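A.B. asks: One structure coming up, written as structure tokens, with questions to follow.
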Amino acid sequence: MRETSNPVFRSLPKQSGGYARFGTGAPQVQQGYYQADPYRAPYPEARDVRGASRPVTIDDVVTKTGITLAVLSAAAVVSYFLVSANNALAMPLTMIGALGGLGLVLVATFGRKQDSPAIVLSYAVLEGLFLGAVSFVFANYQVSSASAGALIGEAVLGTFGVFFGMLVVYKTGAIRVTPKFTRYLIASMFGVLALMLGNFVLAMFGVGGGTGLGLRSGGPLAILFSIVCIGIAAFSFLIDFDAADQMVRAGAPEKAAWGIALGLTVTLVWLYLEILRLLSYLQND
């Protein structure tokens, strides 16, 4: 069983022994579940036409992800215009959105509530508030010489360009998701997180003139660090796609689509922020 680097996917329900594999035919029925009916899904929550639920499908994943991103986008637009009308709202909206979104992800992950529509959509609203405020600050303060609309538009296009590009890579099998690949990626993510935290702590104590290690200073090292983060986020999609695909093949219940949508949205948000940050560095050069 390959473990995804995304903590939301890692806590989604699994079959005993892992998800169904590609090329193995229909998923095996889990011991003790529906032994009298071998055609039922291996999940006790998934019901056939005689029950209230059914196994998740790719269409469910696409629909729930689309709804989540639509809510996030609407909240981001509202947040952006609120901050543009009153710049003092930038900090409160950023903090509320960031901390609230993080809190909901933790609740969803460790409380195993990631398939709750209320939690997923609440996360989308909070993260939208955060992204709208942060986008305004980057576009109007970090890069004073660039058009705000152009900078944000480029970041959005870049984010979805990477997303669909990695989807093509996954579907064509150009890069195979193996346990070794996953281990390396997870190790890279922990390394990047440690550097971010170290840079933040050092900056708080005034090291490097308040820039810490210089990972967010806008210089050559900051540009390189953002490129590395973008690369890791992009490759994370391959593992996320694989985890979602395996859940569909394993017959996870329909409500699991919300958890998949949450996991993909978390990665998309991180990717967007890194692309926006990188573009702001390049615009300032």
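The values are calculated or read from the model by the stated rules, or taken from the named source; none is laboratory data. Since the model is a prediction, treat every value here as computed from it, not as a measurement. Using ideal geometry, Cβ is built from the backbone for each residue, glycine included, and neighbour counts are taken over all protein chains shown. SASA here: full protein model, heavy atoms, side chains in, ligands and nucleic acids out. Shrake-Rupley method; radii C 1.70, N 1.55, O 1.52, S 1.80 Å.
A.B. asks: Being among the hydrophobic types (A, V, I, L, M, F, W, C), surrounded by 14 or more Cβ atoms within 10 Å (Cβ to Cβ) and farther than 26 Å from ILE58 by Cβ is the requirement here; does LEU202 meet it?
C.D. replies: yes
A.B. asks: Take the residues of the stretch 250-285 that are among the charged types (D, E, K, R) and at pLDDT 90 or above: which is surrounded by the fewest Cβ atoms within 10 Å (Cβ to Cβ)?
C.D. replies: The qualifying residue surrounded by the fewest Cβ atoms within 10 Å (Cβ to Cβ) is ARG277.
A.B. asks: Can I ask one more? Every residue in the stretch 95-112 that is free of Cβ contacts under 8 Å to residues at least 12 places away in the same chain and assigned to a helix (DSSP H, G or I), please.
C.D. replies: Hits for the stretch 95-112 are MET95, LEU99, LEU102, GLY103, LEU106.
A.B. asks: Checking TYR80 against (1) of a type outside the set (A, V, I, L, M); (2) buried (at least 21 other Cβ atoms within 10 Å of the Cβ); (3) within 24 Å of GLY263 (Cβ to Cβ): exactly one of these is not met. Which one?
C.D. replies: Of the numbered conditions (1) of a type outside the set (A, V, I, L, M); (2) buried (at least 21 other Cβ atoms within 10 Å of the Cβ); (3) within 24 Å of GLY263 (Cβ to Cβ), the odd one out for TYR80 is (3).
A.B. asks: Open to solvent by less than 20 Å² (accessible area, probe 1.4 Å), touching a helix residue (DSSP H, G or I) at 6+ places or on another chain (Cβ under 7 Å) and either of a type outside the set (A, V, I, L, M, F, W, C) or at pLDDT below 95 (or both): does that describe VAL107?
C.D. replies: No; evaluated as a whole, the condition is false for this residue.
A.B. asks: Could you grab me the full set of residues in the stretch 120-130 that are of a type in the set (A, V, I, L, M) and either touching an Asp or Glu at 6+ places or on another chain (Cβ under 8 Å) or open to solvent by 20 Å² or more (accessible area, probe 1.4 Å) (or both)?
C.D. replies: LEU121, VAL125, LEU126, LEU129 - these are the residues of the stretch 120-130 that are of a type in the set (A, V, I, L, M) and either touching an Asp or Glu at 6+ places or on another chain (Cβ under 8 Å) or open to solvent by 20 Å² or more (accessible area, probe 1.4 Å) (or both).
A.B. asks: Further question on the same structure: Count, please, the residues in the stretch 224-249 that happen to be of a type in the set (Ser, Thr, Tyr) and either surrounded by fewer than 23 Cβ atoms within 10 Å (Cβ to Cβ) or within 12 Å of the chain's Cα centre (by Cα) (or both).
C.D. replies: 1
A.B. asks: Considering only residues that are assigned to a helix (DSSP H, G or I) and touching a residue at least 60 places away in the same chain (Cβ under 8 Å), look in the stretch 172-182 and name the one that is most open to solvent (accessible area, probe 1.4 Å).
C.D. replies: PRO179
A.B. asks: Exactly one condition in (1) in a helix (DSSP H, G or I); (2) open to solvent by less than 60 Å² (accessible area, probe 1.4 Å) is false for ASP115; which is it?
C.D. replies: (1)
Every residue, every condition in (1) over 25 Å from ALA244 (Cα atoms); (2) in contact (Cβ under 8 Å) with a residue 12 or more places away in the chain; (3) assigned to a helix (DSSP H, G or I); (4) open to solvent by less than 30 Å² (accessible area, probe 1.4 Å), yes or no:
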site: ASP60; (1), (2), (3), (4): no, yes, yes, yes
site: THR63; (1), (2), (3), (4): no, yes, yes, no
site: ALA76; (1), (2), (3), (4): yes, yes, yes, yes
site: LEU93; (1), (2), (3), (4): yes, yes, yes, yes
site: GLY132; (1), (2), (3), (4): yes, yes, yes, yes
site: VAL137; (1), (2), (3), (4): yes, yes, yes, no
site: ILE152; (1), (2), (3), (4): yes, yes, yes, no
site: VAL169; (1), (2), (3), (4): no, yes, yes, no
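A.B. asks: Quick check: anything in the stretch 187-194 over 30 Å from ASP245 (Cβ atoms) and either open to solvent by less than 30 Å² (accessible area, probe 1.4 Å) or of a type in the set (A, V, I, L, M) (or both)?
C.D. replies: yes
A.B. asks: Quick one: GLY208 ticks every box in (1) within 30 Å of LEU238 (Cα to Cα); (2) out of contact with any Cys (no Cβ under 7 Å at 6 or more places or on another chain); (3) surrounded by 13 or more Cβ atoms within 10 Å (Cβ to Cβ) bar one, so which box is it?
C.D. replies: Every listed condition holds for GLY208 apart from (1).
A.B. asks: Residue under question is ALA74, and the condition is that it be at pLDDT below 90 and not basic (Lys, Arg); does it hold?
C.D. replies: So ALA74 fails the test.
A.B. asks: Still on this structure, I have one more. What is the residue count in the stretch 213-223 for residues that are assigned to a helix (DSSP H, G or I) and buried (at least 19 other Cβ atoms within 10 Å of the Cβ)?
C.D. replies: Going through the stretch 213-223 one residue at a time, the tally reaches 1.
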